[in-house]
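Submitted below is the structure of interest, expressed as structure tokens.
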């Protein structure tokens, strides 16, 4: 029994060990600092398979791209999730609440590849128009600048897909913590004349604050590691970091990089891709650990 | 004079128990319908472009919420009205997205979905072959085999982990809980890469179905363990105490009392685990390689699976292959719905049984 319980520890350490071990050749050839801060990703292999120059591998552009689309996703998803959670907990009738809960859970069960197909066929044709509108009307804000005149494959669209995928996660956790607000406090607030907003603002949100932060971190972890759906709609650009131009079709995502480059990679590039996987693994592990730690303090606070 | 002023300051009783009066209903209806109607009208008349009409609608709806709130409850109603309008947008957003997702897969997926598509394999089929030939029978078999093996591995370990946390109550219980939580955050692409880096890149194994099953296990285990843990917590403490009082050992309490009591819940845990992994694509890209032939031997060469079939199919620039990919996505979605509904029905039965 104990052996089984520590299976997860074994797996986690093995993941860390093997990803580090197998990515050593690439990291040694690049130097750790260059690997983490470089933006180029080129195996310098020509079509006939001969290597002309030294290959360069750097994950910085992809890493920042991953974080950028995750931020967009959280920005959209957080208000939506909290809104739905508030509705389910405080407003909806019991039957409607059950229906919504099942719907949201079902949304969480839809495979990411299905979201990927939706993103290609339904979201991109519409989303590119939104992007274009943002550039044409709000282009004076650096955020919406786009010099290329193409609005397909932008971090903006990838962020929207991700926001849909993480909404169920944030919603269900927020719903749970908001639902745990002591009924006495809510009744007291209402007795003092507090309508919905004051009750939320002064009773429920302070009570659920750290739980909602934990939920956001959980959603962030999921957004950082999402692969297929992003792979379909994001245009990966190497060589420079797109810091904030979210409607420019230049983005990055470590997970997509791995999927995109994997099939045609030589051993050294595979090793570099494993290094990218290691970076991704570490980041999600940190984010999730913070989330768990926050969630735990909430429980012990009570 | 002062007396009358005081009398005026006393508010009329609000009768909070009467939740909806006729006026309220009219107010809510007006606030919900008017902004949308106005925006639609302005758009139809050509005064506003689509985007402007949309923005106008958002602003008008929120203002309408605020006004309705003020009419209904005075100054205090302002923030409530805005809040409810905003919540309405959140619900509309998720509702639109969800129907759009299902709609796009269903409408594009029915075209190639015929009986032959379910039972035939993809051998001799090129991306341009017409829709009447070939299918994903091989991929369905592959998915069932890979998920089946992953289930066989992860369910016992997952339940054992849950038992360790709830029943054994060892000293490192919190640590194990944290580890399971951390493991549930492992991105699916990393799970696939890990199996690739340890077993395939090193030459220990070739690309085959079993490798895919191992990658799935990493993703499935935390889901099973956490759901099972919750289920085991629901087993009444009295039952355990009674069994212990009868002289049963800890092991017997678990095997003869706790686990049988939680049987349905454990099946739910398994089904949720399956629903979690059945559509995962990224782990398969690095482990099973994909195949057009039927291969039901998980340790002998490349295997096909539905997610991988979709993943490769949709990247082809040819219409028939894309149609096939969407049909495969529809099949996958139906599979997920089946597992998800089964899990829901079972857990619902449990809740009713408890009450």
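The values are calculated or read from the model by the stated rules, or taken from the named source; none is laboratory data. The shown structure was predicted, so the numbers you read here are calculated from the model rather than taken from an experiment. All Cβ positions, even for glycine, are placed from backbone atoms using ideal geometry, and neighbour counts span all protein chains on display.
Residue under question is residue B:344, and the condition is that it be closer than 21 Å to residue A:165 by Cα and either surrounded by 15 or more Cβ atoms within 10 Å (Cβ to Cβ) or at pLDDT 90 or above (or both); does it hold?
yes
What helices (runs of 4 or more DSSP H), lying completely within region A:1-109, carry at least 1 residues that are in contact with a helix residue (DSSP H, G or I) (Cβ under 8 Å, 6 or more places away or on another chain), within 30 Å of residue B:166 (Cα to Cα) and without any contact (Cβ under 8 Å) to a residue 40 or more places away in the chain?
Details: elements: A:2-5, A:7-30, A:32-37, A:60-86, A:94-109.
Result: A:2-5, A:7-30, A:94-109.
Considering only region A:237-256, I want to know if a residue exists there that is assigned to a helix (DSSP H, G or I), touching a strand residue (DSSP E or B) at 6+ places or on another chain (Cβ under 7 Å) and at the interface with chain B (Cβ under 10 Å from one of its Cβ atoms).
Step one: filter region A:237-256 for residues assigned to a helix (DSSP H, G or I), giving A:254-256.
Subsequent filtering for residues that are touching a strand residue (DSSP E or B) at 6+ places or on another chain (Cβ under 7 Å) retains A:256.
So of that shortlist, the ones also at the interface with chain B (Cβ under 10 Å from one of its Cβ atoms) come out as A:256.
So far as region A:237-256 goes, yes, one or more of its residues are assigned to a helix (DSSP H, G or I), touching a strand residue (DSSP E or B) at 6+ places or on another chain (Cβ under 7 Å) and at the interface with chain B (Cβ under 10 Å from one of its Cβ atoms).
So residue B:211 ticks every box in (1) at pLDDT 90 or above; (2) part of a loop (DSSP other than H, G, I, E, B); (3) more than 11 Å from chain A (Cβ to nearest Cβ) but one. Which box is left unticked?
Condition not satisfied by residue B:211: (2).
Quick one: residue A:169 ticks every box in (1) closer than 24 Å to residue B:93 by Cβ; (2) surrounded by fewer than 22 Cβ atoms within 10 Å (Cβ to Cβ); (3) within 12 Å of chain B (Cβ to nearest Cβ) bar one, so which box is it?
Evaluating residue A:169 over (1) closer than 24 Å to residue B:93 by Cβ; (2) surrounded by fewer than 22 Cβ atoms within 10 Å (Cβ to Cβ); (3) within 12 Å of chain B (Cβ to nearest Cβ) leaves (2) as the failure.
Do we have residue B:79 as within 11 Å of chain A (Cβ to nearest Cβ) and within 19 Å of residue A:197 (Cα to Cα) here?
Details: within 11 Å of chain A (Cβ to nearest Cβ): yes; within 19 Å of residue A:197 (Cα to Cα): yes.
Criteria met by residue B:79.
Still on this structure: Scan region B:163-176 residue by residue and report those that are at the interface with another protein chain (Cβ under 9 Å from one of its Cβ atoms) and either at pLDDT 90 or above or touching a helix residue (DSSP H, G or I) at 6+ places or on another chain (Cβ under 6 Å) (or both).
B:163, B:164, B:165, B:167, B:173, B:176
Still on this model: Here are some conditions: (1) within 9 Å of another protein chain (Cβ to nearest Cβ); (2) touching a strand residue (DSSP E or B) at 6+ places or on another chain (Cβ under 8 Å). Residue B:157 meets all but one. Which one does it not meet?
(2)
Can you find a residue in region B:111-134 that is at pLDDT below 90, crowded, with 20+ Cβ neighbours inside 10 Å and within 14 Å of chain A (Cβ to nearest Cβ)?
yes
Now a separate question. Tell me, yes or no, whether region A:213-222 has at least one residue that is at pLDDT below 90 and either part of a loop (DSSP other than H, G, I, E, B) or away from every other protein chain (no Cβ under 14 Å) (or both).
No, region A:213-222 contains no residue that is at pLDDT below 90 and either part of a loop (DSSP other than H, G, I, E, B) or away from every other protein chain (no Cβ under 14 Å) (or both).
State all residues of region B:187-207 that are on the phi < 0 side of the Ramachandran plot and more than 7 Å from chain A (Cβ to nearest Cβ); if no residue qualifies, say none. Break it down stepwise before answering.
Quick first cut of region B:187-207, residues on the phi < 0 side of the Ramachandran plot only: B:187-202, B:204-207.
Across region B:187-207, the qualifying residues are B:191, B:192, B:195, B:196, B:199, B:200, B:202, B:204, B:205, B:206, B:207.
How many of the residues making up region A:270-299 are buried (at least 17 other Cβ atoms within 10 Å of the Cβ) and either at pLDDT 90 or above or within 11 Å of chain B (Cβ to nearest Cβ) (or both)? Reasoning before the result, please.
Restricting attention to region A:270-299, the residues satisfying the condition of being buried (at least 17 other Cβ atoms within 10 Å of the Cβ) are A:270-281, A:283-285, A:287-288, A:291-292, A:294-295, A:298.
Checking the rest, the ones that are also either at pLDDT 90 or above or within 11 Å of chain B (Cβ to nearest Cβ) (or both) come to A:270-281, A:283-285, A:287-288, A:291-292, A:295.
Total meeting the criteria: 20.
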